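I have placed the structure first, in the form of structure tokens, so that the comments after it can refer back to it.
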Amino acid sequence: MTNPAEYIKGIHHLTVSVGSAQDDIDFVTQVLGMRMIKQTVLFDGSASIYHLYYANADAEVGSVWTTFPFKKAGVYGRKGSGQIETSSFSVPTDSLKFWVNHLKNHGVENSGIIERFGQKMISFEDCSGIGMAVVGVDNDHRNAWQTDEISKENGIRGIFGATIRTRDIIEMDAYMTKMLNFKKVGQDGNFHRYHIKEGGAMKTIELHHVPDMEQGSWTFGVGIPHHIAFATEKDEHNLELKAYIEGFGYTDVTELKDRNYFHSIYNRTPSGVLFEYATSDIGFAIDEPADLLGHQLLLPPIFESRRSEIVKPLEPIQLPKYLNK
């Protein structure tokens, strides 16, 4: 019998709560240079909140960055432990000098080129205070989106990984190694690195041990990352994974949730960070053509009858120029 942990292929997407929807669109499409692939809304709760999706040129699982703009709702989070500290993106190592200058040109303070685990990277924050990094990776051949400022050669290939702040390292290490079969591959100061399968782009997680840091917000709120989603293949695998996780005693695994573009289960980890396990068998072209992803606001069928009610409170936005052609 297959160990359900083997169904985890890597990272599916990363999701954060940001401020203004327009500021977010401008930052991600112009500063990060990613492709906007979906406009929809938050499926949970009663407030009307955008859910915006960005990715590489091919809108691949493992390249997807999604945001909930909460500024208009007036909800703000508090940074601390139990959160994603840094969401990192894969770029060619030779492009890092370009990224230092590009970030500077957009007024984004950054670390310059630094190293961790012998790997070069640049850390910075977006306009909402979300921690980010571009990491030099030379064997990631995914197709970057090209913009007027960022060539395909320098562009973001997709997600590299994520760094999690945790007050307790022992239980979170056990969760990842003993249950999920992630492999611990090293320690650099207070940072501990884990590989999903062979590691590398889309398959790297770090724990940042912060024993004296107070717990941060777990809720939605401006400036607070929300979850890491790991890629599985289909519903049957997620249901096996749910039973498997519950068998370890983590009995707060959700039921299978329909997210329209994938189906998911969620589990709160010992660190406090929320892990999602999302299927890869549906995709983002089920409700608009693949070459026109992101060009209109789309709602799941269950919300369509309430479109005017849901859309009215949303912040007016100006889409990237290429979506208005």
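The values are calculated or read from the model by the stated rules, or taken from the named source; none is laboratory data. It should be emphasised that the depicted structure is a prediction, and the values quoted were computed from it without experimental measurement. Note that each Cβ is placed from the backbone with ideal geometry, even for glycine, and that neighbours are counted across all protein chains shown. Accessible surface is based on the protein model in full, side chains and every heavy atom, while ligands, DNA and RNA are left aside. Shrake-Rupley method; radii C 1.70, N 1.55, O 1.52, S 1.80 Å.
So what is log10(I(q)/I(0)) for region 230-279 at q = 0.20, 0.22, 0.30 1/Å, when the Debye sum runs over its Cα atoms only? Normalising to I(0) and taking log10 leaves -0.60, -0.72, -1.21. Out of the DSSP beta bridges found with both residues in the chain, what percent are antiparallel (nearest 5)? Rounded to the nearest five, the antiparallel share is 65 percent. By the gyration tensor of its Cα atoms, with a ≥ b ≥ c the square roots of the eigenvalues, what is the shape of region 122-255: rounded for a/c under 1.5, prolate for a/b over b/c, or oblate? In terms of gyration-tensor shape, prolate. For every other residue with a beta carbon closer than 11 angstrom to the beta carbon of ASN260, add +1 if it is Lys or Arg and -1 if Asp or Glu, then tell me the sum. With Lys, Arg at +1 and Asp, Glu at -1, the neighbours total +1. Would region 60-186 count as rounded, prolate or oblate if I go by the C-alpha gyration tensor, calling it rounded below 1.5 in a/c and otherwise prolate when a/b exceeds b/c, oblate otherwise? Here region 60-186 falls in the oblate category. Over region 181-325, the reciprocal of the mean inverse Cα-Cα separation, the Kirkwood hydrodynamic radius, stands at 18.6 Å. Our coupling estimate for region 126-135, obtained by passing each phi through the Karplus curve with A = 6.51, B = -1.76, C = 1.60 and θ = phi - 60°, is 7, 6, 9, x, 6, x, 9, 7, 10, 10 Hz, Gly and Pro reported as x.
For region 137-231, the set of GluC sites (Glu not before Pro) satisfying both a DSSP loop assignment and a count of at most 15 other C-beta atoms within 10 Å is given as GLU149, GLU153, GLU198, GLU214. Over 17 Å, how big is the tail of the calculated P(r) for region 243-325, in percent of all Cα pairs? That fraction is 65 percent. Count Lys and Arg as plus one, Asp and Glu as minus one, and take only other residues whose Cβ is under 13 Å from that of PRO69; the net charge is then -3. Counting only helical runs of four or more DSSP H residues, what would the 222 nm mean residue ellipticity of the chain come to if each run contributes -39,500 (n - 2.57) and the total is spread over all its residues? That comes out to -3000 deg cm²/dmol. Treating the Cα atoms of the chain as identical point scatterers in vacuum, please give the log10 of the normalised Debye intensity I(q)/I(0) at q = 0.12, 0.14 Å⁻¹, two decimals. Cα-only, vacuum Debye calculation for the chain: -0.80, -1.13. Once C-alpha pairs closer than 8 Å and six or more residues apart are averaged by separation and normalised to the residue number of the chain, the relative contact order reads 24 percent. Residues whose amide H comes within less than 5 Å of that of GLY186, counting only those at least five positions distant or on another chain, are ARG193 (H built at 1.01 Å from N in the peptide plane).
One quarter of the convex hull surface built on the alpha carbon atoms of region 32-80 amounts to 4.7 nm², the projected area averaged over directions. Over region 1-121, the pair-distance histogram of Cα-Cα distances with 10 Å bins from zero comes to 10, 34, 38, 15, 3, 0 percent, rounded to whole numbers. Taking amide H positions as placed 1.01 Å from N in the peptide plane, with prolines and chain starts having none, which residues 5 or more places from GLY80, or on another chain, fall under 5 Å of its amide H? HN-HN under 5 Å from GLY80: GLY216, SER217. For region 209-220, backbone phi angles converted through the Karplus equation (6.51, -1.76, 1.60; θ = phi - 60°) give residue-by-residue couplings of 6, 10, x, 9, 8, 5, 4, x, 5, 9, 7, 5 Hz, Gly and Pro being listed as x. Taking 7 Å steps out from each Cα toward its Cβ at ASP148 and ASP287 produces label points 3.1 nm apart. Surface composition of region 115-187: carbon plus sulfur atoms contribute 42% of the solvent-accessible area (1.4 Å probe, protein chains only, all chains present). Between the alpha-carbon centres of region 285-299 and region 92-158 there is a gap of 27 Å. Expressed as a whole percent, the proportion of Cα-Cα pairs in region 58-124 lying more than 21 Å apart is 46%.
Each eigenvalue of the Cα gyration tensor of region 166-228, multiplied by 5 and square-rooted, gives one semi-axis; in descending order these are 22, 15, 11 Å. Rounded, prolate or oblate: which fits region 110-158 when a ≥ b ≥ c are the square roots of the eigenvalues of the alpha-carbon gyration tensor, with rounded for a/c under 1.5 and prolate only if a/b beats b/c? Oblate is the answer for region 110-158, as a/c is 1.5 or above yet b/c matches or exceeds a/b. The separation of region 1-43 from region 162-205, counted between C-alpha centres, amounts to 21 Å.
For region 278-325, the alpha carbon positions stretch 32, 30, 17 Å along the principal axes, listed from largest to smallest.
Counting Lys and Arg as +1 and Asp and Glu as -1, what is the net charge of the other residues whose Cβ lies under 15 Å from the Cβ of LYS203? It works out to a net charge of +2.
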